[in-house]
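Peer 1: Below: one structure in structure tokens.
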Amino acid sequence: MTQTKTILHTDDEDYILAQISAFLSKIGFYTLSANNGHDAISIFKQSKPDLVIIDYNMPEMNGIELLNKLKSIHKQTPVIMLSGETDIQVAVQALKNNAVDFLCKPVNYKLLESSIYEALTRSKLQSYESKYQGSLITLENIIHQGKDISILKVHVPLDEITSSTIKENINTLMEKKSINKAVILSLNLVEYINNIGFHLLLEINHNLSNAGHQMILSELSPAVDQFFKQISYPAYFIYVQELDIAISKILKNE
């Protein structure tokens with residue numbers, strides 16, 4: 001999760017290329033540069049950047065043409081289009097061709113930075129949803145000793161990228177009354193957690209409790225277990241590592 005992201009920036013004006021590349025490096029990205037579309041395509045194929053920034057006005061191959069070629073190679077890579085032109089038709093054309101944003105020159109660096117982070121976050125979330133068929137969590141309702149139990153299994157890292165979607169998914173299940181009163185939250189597939197993910201777990205526990213549910217954490221992954229050891233998590237959650245024991249415990253506490 002902390003791996004440095006790579007951005008490919010393409011512009012035929014060398015001084016703008018240097019300025020924006022310097023800015024991207026300053027805010028923590030590894031930057032690749034190209035001053036024409038053909039070089040950009042070659043670099044894109046070889047380096048597989050996380051995001052691409054394209055200038056619209058370039059000779060031989062304009063930004064829209066380059067955008068389409070890059071999307072034909074890897075559709076999921078987010079592309080931001082820059083242009084000195086303020087023609088709304090150019091912006092509409094770029095967005096219709098799946099650019100994630102269109103920004104005018106001279107570049108407002110705060111807007112550019114915000115657009116980059118939003119695009120990378122959206123791209124990562126889409127990759128999770130694609131991998132897990134649209135759902136970052138799964139629900140299994142079981143009956144044990146005549147009692148109904150819901151097992152919620154989280155498939156993805158718990159961080160700023162996934163937290164809001166996971167919360168929405170669980171709230172939807174609660175609204176549909178799909179979750180039983182006894183809930184076990186399984187975290188054995190969670191490869192990463194940070195403070196935002198931890199606060200999400202607190203919020204889930206709080207919301208379930210207020211709605212009359214009881215939640216037990218179970219099957220902590222090594223990453224979650226290591227994170228939890230840094231804090232006094234027993235003060236916040238009921239936790240049982242083995243799922244079968246967690247099932248027995250939650251039935252006794254009903």
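Peer 1: For the range 49-105 and the range 178-242, what is the separation of their Cα centres, given in Å?
Peer 2: Here the answer is 42 Å between Cα centres.
Peer 1: For the range 117-254, give the magnitude of the charge dipole about the Cα centre (Cβ charges: +1 Lys/Arg, -1 Asp/Glu; no others), in debye to the nearest 20.
Peer 2: 220 debye
Peer 1: Suppose every Lys and Arg Cβ carries +1 and every Asp and Glu Cβ carries -1, with no other charges. What dipole size does the chain come out with about its Cα centre, to the nearest 20 debye? Walk me through the numbers before you get to the answer.
Peer 2: Details: 22 positive and 28 negative charges, 159 e Å.
Taking the Cα centre of the chain as origin, the dipole is about 760 debye.
Peer 1: State the volume of the convex hull built on the alpha-carbon positions of the range 65-148, expressed per residue in Å³ and rounded to an integer.
Peer 2: Dividing the Cα hull volume of the range 65-148 by its residue count gives 125 Å³.
Peer 1: Taking the dipole about the Cα centre of the chain, with the C-beta of Lys and Arg at +1 and of Asp and Glu at -1, give me whichever of 247, 3, 43 is farthest to the positive side.
Peer 2: Value: 247.
No lab work stands behind these numbers, since they all come straight from the coordinates. The model shown is predicted, which means the values in this text are computed figures rather than measured ones. All Cβ positions, even for glycine, are placed from backbone atoms using ideal geometry, and neighbour counts span all protein chains on display.
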